[in-house]
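Values quoted throughout were computed directly from the atomic coordinates according to the rules given, and no laboratory measurement underlies them. From a predicted model like this one, the values you see are computed outputs, not experimental measurements. Using ideal geometry, Cβ is built from the backbone for each residue, glycine included, and neighbour counts are taken over all protein chains shown.
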């Protein structure tokens, strides 16, 4: 471990020990440094900030930005003048390069495009180091000495349950390429029975699935099919009903914790024992705002949030509209963490349950998490946005928003083929696919709920145009 990493880890510990004031002081200094850097090195920000004072102390003076705007101005946005969008897209489109550094020095990840624009994001060396330091802070906050000992006794094996391929998995692939056999990735696209068998064979001490997959695995443990004994279950990407966390804890016999982050800021927050997400406020800023980007009072749900990543200098993220609705806790969290605490309103994991095959559904019902369906279509070329709606027990209706100039019929055939293959692998060949002609529905924050489950009443979702 080099000197700069040790210094960063020491600072992370000191900031948390110093409480809210220590974090705020670091936040102010790093914001000033980032704004000055962006104005000097990013032509996009030079133009955006051209009428601002030479020194900006008030974050609210900075104009908000969005993924659509930044991706459209990618070549002028990045501060490394040797990097271009064409190069980044070519790299992202090549599965053989997953786990490799982009341009020899950056970690590249891609977003799912829930606001209608697919994003390509880079992390420089400092941002990567900060992400590692925040991971250490998170684990120290989560794990007791007994937990650490239990993980060690379990061989320190970590199982990540993630989509196949994609540059969001690059750090996992990189670890595997370096021969870290204790870290293994398992595909969410395979049938649940196969996933359970693989996890039983691997016996992870730490299990890191998406939240909806965690709920399914808890059901498998309750049914006596999953035989793992993890010390820690790290749920990511989605929200669950509060009672589900207790169920997963009991079913898997593990400490369950969550995190709220994004490609734009992988170290944004981590969950506490009281089910709040604590922001790493020394390195990130999250502003709950209304439709006009005005601050929303603590305790009130926001229309969206503006994100500022203070660690990344190659792609300055300053007051970036993330599209999520959050509620900021108005008082100190009883857990004792000094970081601001939020609950995310705009992410939910809803399972899709289909009757078993046969004329009367004689076989057991089949349940799918939304993630395998959504990630399957995110990789389809020329598909800017989609929405999968469970409109009837054995019907999925798919709304598509193709890229300009694309062949709509070819695009639908690609989507249909991918969906039918996945459904067949899960024993759901009897599920019918419909091509929706109605517009895709957006949330109040502008995001798209990629998968909408069948309501408990069996009626179609409001606005679906279907019974």
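Counted by neighbouring Cβ atoms within 10 Å, the residues 274, 137 run from fewest to most as 274, 137. Which of rounded, prolate, oblate describes the range 1-57, given a ≥ b ≥ c as roots of the alpha-carbon gyration tensor eigenvalues and a/c under 1.5 marking rounded, otherwise prolate only if a/b is larger than b/c? Cα axes put the range 1-57 in the oblate bin. With both residues required to sit in the chain, DSSP beta bridges show an antiparallel share near 60%. The length gained by stretching the chain between residue 384 and residue 146 to full extension, at 0.36 nm per residue less their Cα-Cα distance, is 81.0 nm.
Beta bridges from DSSP with both residues in the range 352-452: antiparallel share about 60 percent, rounded to the nearest 5.
Once the convex hull of all Cα atoms in the range 194-305 is built, its volume per residue stands at 128 Å³.
Take every Cα pair under 8 Å whose residues are at least 6 apart in sequence, average their separation, divide by the length of the range 352-452, and the relative contact order is 31 percent. The ranking of 77, 37, 142, 283 by Cβ neighbour count inside 10 Å, starting from the fewest, reads 37, 142, 77, 283. For residue 394 and residue 364, the FRET efficiency from 1/(1 + (r/R0)^6), where r spans their Cβ atoms and R0 equals 25 Å, is about 0.95. Taking a quarter of the surface of the Cα convex hull of the chain gives a mean projected area of 22.9 nm².
Which residues in the range 370-393 have a backbone N closer than 19 Å to a point placed 7 Å from the Cα of residue 432 along the Cα-to-Cβ line? So the set is 388-393. Entry note, the chain: the mean residue ellipticity at 222 nm calculated from DSSP H runs of n ≥ 4, each adding -39500 (n - 2.57), is -10500 deg cm²/dmol after division by the residues and rounding to the nearest 500.
You can think of it this way: the chain between residue 126 and residue 7 has 41.6 nm of extra reach, that is 0.36 nm per residue less the Cα-Cα gap. Spin-label model, residue 410/residue 68: points 7 Å from Cα along the beta carbon direction are separated by 2.6 nm. When 452, 440 are arranged by Cβ crowding within 10 Å, least crowded first, meaning fewest neighbours, the order is 440, 452.
Once you order the gyration tensor axes a ≥ b ≥ c over the Cα atoms, which shape class does the range 1-143 get: rounded for a/c under 1.5, otherwise prolate or oblate by comparing a/b with b/c? Since a/c reaches 1.5 but b/c is at least a/b, the shape of the range 1-143 is classed as oblate. When you restrict to C-alpha pairs under 8 Å that are six or more residues apart and normalise by the size of the range 1-144, the relative contact order lands at 19 percent. Classified by the C-alpha gyration tensor, the range 352-452 has a prolate form. Its axis ratio a/c, with a ≥ b ≥ c, is 1.5 or above, and a/b is larger than b/c. Percent of Cα pairs in the range 228-371 per distance bin of 5 Å, from zero to the largest separation: 2, 9, 15, 18, 18, 13, 9, 6, 4, 3, 2, 0. Note: relative contact order over the chain, using C-alpha pairs below 8 Å and six or more positions apart, is 14 percent. The label-point distance for residue 223 and residue 87, in a model that sets each label 7 Å from Cα toward Cβ, rounds to 5.0 nm.
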